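The values are calculated or read from the model by the stated rules, or taken from the named source; none is laboratory data. Since this is a predicted model, take the numbers as computed values, not measurements. Neighbour counts run over all protein chains shown; Cβ positions are idealised from the backbone, glycine included. Note: accessible area is taken over every heavy atom of the protein model, side chains too, but ligands, DNA and RNA are not part of it. Shrake-Rupley method; radii C 1.70, N 1.55, O 1.52, S 1.80 Å.
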Amino acid sequence: MEVEEAGGGVENAGKDEVEAEYHSHDFEWEDLRAEVESDPAFSYHLSPFPGPAASTASPPQPSSEAWRSFHRRHASGKFFKERRYLLKEFPELPNSKDCAKILEVGCGNGSTAVSILRSSLVPVRERKKRSNESITVFVCDCSKDTLEKANEIISNTKGVDIKDRFHPFLMDVSKEFFPDWLFCNACKSSHGNCHEMRKQLPDFLRENQCCVGGMDFITMIFTLSAIPFAIMPSTIEQCVSVLKPGGLLLFRDYGLYDMTMLRFLPHQRVGFWEYMRSDGTLSYFFTLDTLELEYCCVRSVNRKNGKKMQRVWVHGKFMKPTS
């Protein structure tokens, strides 16, 4: 479901340069805020948006079909760009314990999953601990086409063995519940006869397994912003439900006053900090008030026209209580 709009600034950079650019803090968000809020050209972004009672327009609906159409149009993999920088942003992933299970929600073309799976190829001298090759990555997306593309890209990635380590499945997180085989209710409550639940289970489960036992990590990378704001809380709650106690939800998405937000026109505004692109896909821009987040402010240069771009992302880590 996700797409990261890079704007052409660093797409031809080397590995170390890309990691440095996306991980750095090049400017203060408060300085950007002052610049935007003092510019009359951006005033429509700041005006109050009428609530449901005052507005005659229907609230934004889940844009799953719009995302499916997007991925069909871009099936060539043009938007694939491996996200190695996430391993520095979230070092818990490459340094995770043996047999860790990771779920990526809204995997798109697999640019996050492939970085996690190949992280064991990083030289030992560059890491405190080599990641264990028994890490298993589960991914879901609302688009069958993009799941097939992700599987193709990851299967053809040099040095990555995905046998028993990569499991894609079709699911629209904005409309559906996670399957029981991720973390069944009996295992969540640590009691009950969970073996009675072995119905429509995936082939990779062993004969004596009712589910995979929950996730150690869940990643939501440029996914939540694609979901209508009104259903974000229930989406997050559902993700947390398949985390093990003590597991981490790792989040990265668009931040307020990002360059892409300022490009939207007044008629594309469908909510407070919420916009709809011409193809029907949604984009929400998060503030630190929305969740307990941190701004990541990156300045890059478009090599084609020399234009400076100020990108704003937010990221955060959330642990599920152990009791």
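Results for (1) in a loop (DSSP other than H, G, I, E, B); (2) among the polar types (S, T, N, Q); (3) at negative phi, shown as yes or no for each residue.
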{"site": "Val137", "(1), (2), (3)": "no, no, yes"}
{"site": "Cys140", "(1), (2), (3)": "no, no, yes"}
{"site": "Asn151", "(1), (2), (3)": "no, yes, yes"}
{"site": "Val160", "(1), (2), (3)": "yes, no, yes"}
{"site": "Lys163", "(1), (2), (3)": "yes, no, yes"}
{"site": "Pro168", "(1), (2), (3)": "no, no, yes"}
> Is it true that Ile231 is surrounded by fewer than 20 Cβ atoms within 10 Å (Cβ to Cβ) and either of a type in the set (Lys, Arg) or farther than 16 Å from Gly316 by Cα (or both)?
Replying inline: yes
> Pairs under 8 Å by beta carbon, first residue under 8 Å from Gly110 (Cβ atoms) in the stretch 137-160, partner of a type in the set (Gly, Ala, Ser) and open to solvent by 40 Å² or more (accessible area, probe 1.4 Å), six or more apart or different chains?
Replying inline: Lys149/Ala75
> Does any residue of the stretch 254-261 turn out to be closer than 30 Å to Lys101 by Cα and in a loop (DSSP other than H, G, I, E, B)?
Replying inline: no
> Of Phe222, Phe217, which residue is under 23 Å from Glu89 (Cα atoms), at pLDDT below 95 and either out of contact with any Asp or Glu (no Cβ under 9 Å at 6 or more places or on another chain) or open to solvent by less than 30 Å² (accessible area, probe 1.4 Å) (or both)?
Replying inline: Phe222
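Here are Ile116, Ile102: which of them is out of contact with any Leu (no Cβ under 6 Å at 6 or more places or on another chain), aliphatic (A, V, I, L, M) and either in a loop (DSSP other than H, G, I, E, B) or modelled with pLDDT of 85 or more (or both)?
Only one candidate passes the filter, namely Ile102.
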>> Which residue is modelled with the lowest pLDDT, if the candidates are limited to the stretch 1-49 and must be of a type in the set (Phe, Trp, Tyr) and open to solvent by less than 60 Å² (accessible area, probe 1.4 Å)?
In response: Tyr22
